[in-house]
1. How many residues does segment 287-300 contain that are within 20 Å of the chain's Cα centre (by Cα) and either surrounded by 21 or more Cβ atoms within 10 Å (Cβ to Cβ) or aromatic (Phe, Trp, Tyr) (or both)?
2. Of the numbered conditions (1) surrounded by fewer than 19 Cβ atoms within 10 Å (Cβ to Cβ); (2) among the acidic types (Asp, Glu); (3) in contact (Cβ under 8 Å) with a residue 12 or more places away in the chain, residue 127 fails exactly one; give the number of that condition.
3. Of the residues 71, 99, which is out of contact with any Pro (no Cβ under 7 Å at 6 or more places or on another chain) and either outside the structural domain of residue 310 (by TED's automatic domain parsing) or assigned to a strand (DSSP E or B) (or both)?
4. Of the residues that make up segment 137-144, is at least one outside any loop (DSSP other than H, G, I, E, B), modelled with pLDDT of 95 or more and under 24 Å from residue 79 (Cβ atoms)?
5. Please state which of the following conditions residue 165 fails to meet, knowing it meets all the rest: (1) under 27 Å from residue 218 (Cβ atoms); (2) free of Cβ contacts under 8 Å to residues at least 40 places away in the same chain.
6. Give segment 119-154 a look and list any residue that's closer than 17 Å to residue 41 by Cα, out of contact with any helix residue (DSSP H, G or I) (no Cβ under 9 Å at 6 or more places or on another chain) and of a type in the set (D, E, K, R), or say none.
7. Looking at this structure, is residue 326 part of a strand (DSSP E or B), of a type in the set (S, T, N, Q) and out of contact with any His (no Cβ under 8 Å at 6 or more places or on another chain)?
8. Across segment 301-319, what is the number of residues that are β-branched (Val, Ile, Thr) and either surrounded by 18 or more Cβ atoms within 10 Å (Cβ to Cβ) or more than 9 Å from the ligand (Cβ to nearest atom) (or both)?
Amino acid sequence: MTETKKLSRRELIKQGGLALSVLALPSPLPTFLNFNDMTDNQNFDVIIVGGSYAGLSAAMALGRALRNVLIIDSGLPCNRQTPHSHNFLTQDGEKPAVIADKARKEVLKYDTVKYVTDLAVNGKKTDTGFEISTQSGKSFSAKKLIFATGLKDKMLKMEGFSQCWGITVLHCPYCHGYEVKNQRTGIFANGYGAFHLARLINNWTKDLTIFTNGKSELTQEQTDEIKRHNIAIVEKKITALKHKNGVVEEILFEDNSSFELKVIYSRPPFEQHCKIPEVLGCELTEQGLIKVDGFQKTTVDHVFACGDSANPVRAVSYAVSTGNNTGVFLNNAMAEEDFSK
Ligand SMILES: Cc1cc2nc3c(=O)[nH]c(=O)nc-3n(C[C@H](O)[C@H](O)[C@H](O)COP(=O)(O)OP(=O)(O)OC[C@H]3O[C@@H](n4cnc5c(N)ncnc54)[C@H](O)[C@@H]3O)c2cc1C
């Protein structure tokens, strides 16, 4: 926090931008953190694919419940490019990787939990449960599976967009809105999405412009409401974002004009980060999330999902909460099964 006070916001963002190029690199695969693949058992009670906030939280509940757990993680959480994570008690303003590192250290204190850095590439049902194989050619088996694999945001095909993502192109005002309050802000959206975001962001800044990147699809009623709040709607086609190390400076348009601003909100489309749940037969919702019931169970027996991959609210707190619930619900199901044998 003292460091935060000494540096300007711009310097902080710049540092984050430099750090992200390191964070964005995939870790060398595989790394066995506390697992000896020559001597340790390859059969587990539970394999958790995805070892970020949701997966680690599920592992903590299960490890403490004396279940043998393997976490397989490829090291690419969706927030890796954002310099600071907000709105999670005790970790507000912390770097995303620092939160994950602390969590990993806490979870790996339990000898019931093993962790391997690798990419799970295939999964299949077996007589005793499931088998998961990895990019490095390893194969592990377990009675139950949890997918905490998150989502992959699909970057808009616009020069500068992916470089600014999470730094000055933001997905969520609850995560980052306070830090950029009252600044000159753009919204990249059209139709109801643009209306919804304008209504929401209007509370964080009054210096707001909507960029529809083509003909506006807002209804007349929505347009009138937006204009009543002095929010302009720009329909010009965008070609690029001019930026320095992810700090946006201007939007550049097809007609060679430009618009200076400090921050942009955008909710690009996403897809499941990992396709194995679909290969195993897990149904997805209309939004593209893994369908789960109130106990985080997917539509395939013995397969659970948590965090962003299965829940519409994208927040670290929510990933931690649904992950921990999943560990508890799954352990409860295993206890019932074991007791009735
Ligand atoms: C740019 C950005 C900024 C954000 N800022 C904030 C913020 O300030 N505050 C906040 O509360 N929330 C923030 N969020 C939301 C938050 O980051 C997510 O809700 C949270 O990371 C979800 O946790 P998760 O564990 O479900 O998924 P993730 O954190 O995305 O982790 C999924 C993990 O699964 C791994 N994985 C995927 N497929 C495989 C596979 N096949 N094999 C092995 N491993 C695999 C990935 O490598 C990754 O490590 C932000 C999100 C974004 C995109």
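1. Qualifying residue count, segment 287-300: 4.
2. Evaluating residue 127 over (1) surrounded by fewer than 19 Cβ atoms within 10 Å (Cβ to Cβ); (2) among the acidic types (Asp, Glu); (3) in contact (Cβ under 8 Å) with a residue 12 or more places away in the chain leaves (3) as the failure.
3. Working: 99 fails: either outside the structural domain of residue 310 (by TED's automatic domain parsing) or assigned to a strand (DSSP E or B) (or both).
It is 71.
4. The answer is no; no qualifying residue exists.
5. Of (1) under 27 Å from residue 218 (Cβ atoms); (2) free of Cβ contacts under 8 Å to residues at least 40 places away in the same chain, only one is false for residue 165: (2).
6. 131, 138
7. Numbers: part of a strand (DSSP E or B): no; of a type in the set (S, T, N, Q): yes; out of contact with any His (no Cβ under 8 Å at 6 or more places or on another chain): yes.
Considered against the rule, which asks whether it is part of a strand (DSSP E or B), of a type in the set (S, T, N, Q) and out of contact with any His (no Cβ under 8 Å at 6 or more places or on another chain), residue 326 comes out as no.
8. Initially, segment 301-319 is screened for residues β-branched (Val, Ile, Thr), giving 303, 313, 316.
Next, from what is left, pick out any that are either surrounded by 18 or more Cβ atoms within 10 Å (Cβ to Cβ) or more than 9 Å from the ligand (Cβ to nearest atom) (or both): 303, 316.
Number of matching residues: 2.
The values are calculated or read from the model by the stated rules, or taken from the named source; none is laboratory data. Quantities reported herein were computed from a predicted structural model and do not represent experimental measurements. Counting neighbours? That spans all protein chains shown, and the Cβs are built from the backbone with ideal geometry, glycine included.
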